[in-house]
1. Only Cα pairs under 8 Å and at least 6 apart count here; give the relative contact order of the chain as a rounded whole percent.
2. Most fluctuating residue of A124, A71, A237 in a GNM of the chain with Cα springs under 10 Å: which is it?
3. Mind telling me which of N141, N111, N63 comes out most flexible in a GNM of the chain, alpha-carbon contacts under 10 Å?
4. Per residue, what accessible area does the chain have, given a 1.4 Å probe and all protein chains present, in Å²?
5. Using packing as a proxy for protection, rank 224-232, 85-93, 52-60 so that the peptide with the highest average count of other Cβ atoms within 10 Å comes first.
6. Of all accessible surface on the chain at a 1.4 Å probe, what whole percent is carbon and sulfur?
7. Could you work out the helix-only [θ] at 222 nm for the chain, with each DSSP H run of four or more residues adding -39,500 (n - 2.57) and the total divided by the number of residues, to the nearest 500 deg cm²/dmol?
8. Under a cut-off of 21 Å between alpha-carbon atoms, report the lysines in cross-link reach of K216, not counting same-chain residues fewer than 8 places apart.
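The values are calculated or read from the model by the stated rules, or taken from the named source; none is laboratory data. Keep in mind that what you see is a predicted model, and the values were worked out from it rather than measured. Here the Cβ is made from the backbone with ideal geometry for all residues, glycine too, and neighbour counts use every protein chain on show. To get the accessible areas, we keep the full protein, side chains included, count just its heavy atoms, and leave off ligands, DNA and RNA. Shrake-Rupley method; radii C 1.70, N 1.55, O 1.52, S 1.80 Å.
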Amino acid sequence: MRKSIIGGNWKMNMRASSAKELASALRPLGSGDCEVVLFPPFVYLKDVADAVRGSGVHVGGQNCHSEPDGAFTGEISAEMLKDSGADYVLLGHSERRAYHDGWGESSSWINAKLTHALGVGLKAILCVGETIAEREAGRTNDVLGGQLRQSLAGISAERTIDVVIAYEPVWAIGTGKTATPQMAEGAHAFIRGVIGRMWDEGIAQQMRIQYGGSVKASNARELLSQTDIDGALVGGASLSADEFAAIVKAAK
Ligand code: PGA
């Protein structure tokens, strides 16, 4: 039985006071059967970690570098995340794969980050997903398979326990368009098949796969009731304590 996991990806939102307030309001979510991880902006990570300490709610960084230290202006290392109270790191989010004027993150760099972060003792949520053009061209499985194989290359079987996959169709993120539960389940089952071929069926059955893209309290239950959907990565709706709590409740 895979334990459900709901992530709140706050993206570039909140200020110190609202971050602390939201994190404190979410403390009760840490005592249930569902694992809850909050991803605040780096500058509030320690405040949020302090606010949820002892509650069972986990905290993660929204990204990290592949090196521990060095001349990388504006970057944050996995070691720094750990040092600030993070247990998790979010890697390969489509907003980082796509944005930034041509220097979007490649799967091979994401692989280097993932390998380093796991080595430091962080758990990771690895995001994969297709664009609308790729889906319409019938390339969804090729894109997902390619992202998974490249991003997870060389990860040992023992370390896979610390990896969660987030399937986030790019066309569903922040758009209000959600994949239908059947569409999402199809992609999740495909992803589980790829994991099985990369390692083995036991690892495929153990690995948790979250769905992300316009998840809200009103659509969470149906998505989360699908066989291969083990949780959700929530953006916009994670900024409201009530909405986020209702999504976590739907996962239990
Ligand atoms: P959304 O974002 O819930 O606002 O669509 C999800 C994500 O980007 O992780």
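1. Averaging sequence separation for qualifying contacts and normalising by length gives 20 percent for the chain.
2. A71
3. Comparing N141, N111, N63 in the GNM, the peak value goes to N141.
4. On a per-residue basis, the chain sits at 43 Å².
5. Averaged packing, sorted descending, gives the order 85-93, 224-232, 52-60.
6. 51 percent
7. -11500 deg cm²/dmol
8. Cα-Cα hits under 21 Å: K3, K11, K177, K249, K252.
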